[in-house]
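Here is the structure we will look at, set down as structure tokens.
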Amino acid sequence: AAVGMVIVILLFVRLRGHVLAYLLDEETYRIRVSGARWMAMAFPAAAVLAVTAAVLLEGPILATGLLVLPPLLAERPARGLMSYLMSSMAIGIAGTLCGFVVALAADLPPAPAAVAGVLAVGLLWRVRRYLSGRRPVATG
């Protein structure tokens, strides 16, 4: 399972331009890139490998929390997909570390504490963005 996760990460790093183009607009990617059928088969296969490895390595509670909460709480992709992905990863990593530290200090189960840490860091991220003046302009 760990080998599968490492392979998926290495493939993403190597092919991130293709992956991001495919995620932004699948139809345009298929039209503009010759031989784009491989991405239509490889991307879902890589996603299945990553999710399966995550569930096996982390457990269902932590895997579900780390797959759902960071993207949900990250800033909207207004500044681009890569900014959105980096925000999501930062929330996930910081929240997981905070949750594990609290779990060790308070002798709590690590998976629920890590999910609670991700939720707390994500909410703090949203509050900070809201208070920093990046509010939508009111029309009217």
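The values are calculated or read from the model by the stated rules, or taken from the named source; none is laboratory data. It should be emphasised that the depicted structure is a prediction, and the values quoted were computed from it without experimental measurement. Reconstructed Cβ throughout: ideal geometry from the backbone, glycine too, with neighbour counts over all protein chains shown. With ligands, DNA and RNA removed, areas are computed over all heavy atoms of the protein, side chains included. Shrake-Rupley method; radii C 1.70, N 1.55, O 1.52, S 1.80 Å.
A few remarks follow.
- Net length available on complete extension from residue 45 to residue 97 is 15.8 nm, with 0.36 nm assigned per residue and the Cα-Cα distance removed.
- Remark: the Cα gyration tensor places the stretch 34-82 in the oblate category, a/c being 1.5 or greater and a/b not exceeding b/c.
- Shape of the chain, Cα gyration tensor, a/c cut at 1.5: oblate
- Accessible-area value, residue 48, 1.4 Å probe, nucleic acids and ligands omitted, Å²: 90
- Rough spin-label spacing in nm, given labels placed 7 Å along Cα→Cβ, for residue 83 and residue 6: 3.5
- Per-residue ellipticity at 222 nm, computed for the chain from helices alone with -39500 (n - 2.57) per DSSP H run of at least four residues, works out to -27000 deg cm²/dmol.
- Axial C-alpha extent at least 27 Å, average Kyte-Doolittle at least 1.0 - helices from the chain (DSSP): 37-58, 81-106
- Dividing the mean sequence gap of close Cα pairs (under 8 Å, 6+ apart) by how many residues the stretch 16-84 holds gives a relative contact order of 25 percent.
- Residue-count net charge about residue 17 - beta-carbon cut-off 14 Å; Lys, Arg +1, Asp, Glu -1: +2
- Taking every protein chain into account, the 1.4 Å probe leaves residue 3 with about 100 Å² of accessible area, to the nearest ten.
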